[in-house]
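*Asks:* Have a look at this one.
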Amino acid sequence: MNVDTSVLNSVNGSGANGLSARQSDELRQSFMTLLITQLQNQDPLKPMENSEMTSQLAQINTVSGIEELNSTLKGITSQMDANQALQASGLIGKGVMVPGKDVLLGQDDDGNSYTTPFGIELAKPAANVKATIVGDGGQVVRRLDLESLDAGVHSFDWGGLNDQKEAVASGRYSVQLEATDAQGEKIESTALQYAVVNRVTPNDGSGSVRLDLGAIYGQISLNDVKQIL
């Protein structure tokens, strides 16, 4: 008499199918009951091979080990999420560079003009990088030659002046970036904008801590932060 393979398959697949601990325990009990019944009713002239019984016992022990491992991993994951949220809380009130093209020009309490930084993330070194500051209507305000840059993240300040070195009006502008290699071929790049972290939301099942950047930029993943200023 052979142990029903469906029982073994159910037990071995318990983790993948999301069975509860109670259900998994019941399956193990059923397996042991069937195995004992098989031993009691086996043909004396054709007893169960030691290797066969050892294999079946190994399978049930493997399931128990996997369940214990899964439980341990869940605990580790929970601790990592808590640590990530705690570390992210240190970003509250700080400026970060995240994917985006906005550049804001405003005035501080003393009436002095300021611009938020812009940046670029390069997949590989670039021989020539150019930035173009554009207004709401699409008009070109300033062209900047950022020259050669290494691979990675870089940030810059525009200064709020046009090509004639004159101050421009406060408002929201955007930056257009173009990076090329020594042969003039375009290089993959990502434009970055500045934002301030207002609050942190712990992992809600999305896989990452969420950072609140305010009403304009909303929430982003912690993984979206490319640079901390």
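The values are calculated or read from the model by the stated rules, or taken from the named source; none is laboratory data. Model, not experiment: these values are computed from the prediction. As a convention, Cβ positions derive from the backbone with ideal geometry for all residues, glycine included, and neighbour counts pool all protein chains shown.
*Asks:* Being at pLDDT below 95, among the β-branched types (Val, Ile, Thr), surrounded by fewer than 17 Cβ atoms within 10 Å (Cβ to Cβ) and on the phi < 0 side of the Ramachandran plot narrows it down to one of THR201, THR132, so name that one. Reasoning before the result, please.
*Replies:* Numbers: THR132 fails: at pLDDT below 95.
Just a single option satisfies the conditions, and that option is THR201.
*Asks:* Right, another one. In the range 168-183, what residues are exposed (fewer than 15 other Cβ atoms within 10 Å of the Cβ), in a loop (DSSP other than H, G, I, E, B) and touching a residue at least 24 places away in the same chain (Cβ under 8 Å)?
*Replies:* Of everything in the range 168-183, those that are exposed (fewer than 15 other Cβ atoms within 10 Å of the Cβ), in a loop (DSSP other than H, G, I, E, B) and touching a residue at least 24 places away in the same chain (Cβ under 8 Å) turn out to be ALA169, SER170, ASP181, ALA182.
*Asks:* Looking for whichever is touching a Leu at 6+ places or on another chain (Cβ under 8 Å) and among the charged types (D, E, K, R) here; the options are ASP150, ASP145. Which one fits?
*Replies:* Only one candidate qualifies: ASP150.
*Asks:* State all residues of the range 60-101 that are farther than 22 Å from VAL200 by Cα and modelled with pLDDT of 85 or more; if no residue qualifies, say none.
*Replies:* If the condition is that a residue be farther than 22 Å from VAL200 by Cα and modelled with pLDDT of 85 or more, then LYS101 is the only one that fits.
*Asks:* When the residues of the range 106-123 are filtered to those that are among the aliphatic types (A, V, I, L, M) and modelled with pLDDT of 95 or more, which remaining residue is surrounded by the most Cβ atoms within 10 Å (Cβ to Cβ)? Before you say what the answer is, go through the steps one by one.
*Replies:* Keep residues of the range 106-123 that are among the aliphatic types (A, V, I, L, M), which gives 120, 122-123.
Remaining after also requiring modelled with pLDDT of 95 or more: 120, 122.
Working: ILE120: 24, LEU122: 19.
Across the range 106-123, the extreme among qualifying residues is ILE120.
*Asks:* Report yes if GLN193 is modelled with pLDDT of 95 or more, surrounded by fewer than 17 Cβ atoms within 10 Å (Cβ to Cβ) and within 30 Å of GLY111 (Cβ to Cβ), otherwise no.
*Replies:* So GLN193 fails the test.
This table checks each residue for (1) closer than 25 Å to LEU86 by Cα; (2) under 28 Å from the mean Cα position of the chain (by Cα); (3) buried (at least 18 other Cβ atoms within 10 Å of the Cβ).
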residue: PRO125; (1), (2), (3): no, yes, no
residue: LEU144; (1), (2), (3): no, no, no
residue: GLU166; (1), (2), (3): no, no, no
residue: SER221; (1), (2), (3): yes, yes, no
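*Asks:* Same structure again: All but one of (1) closer than 15 Å to ASP102 by Cα; (2) outside any strand (DSSP E or B); (3) among the polar types (S, T, N, Q) hold for ASN223, so report the exception by its number.
*Replies:* (1)
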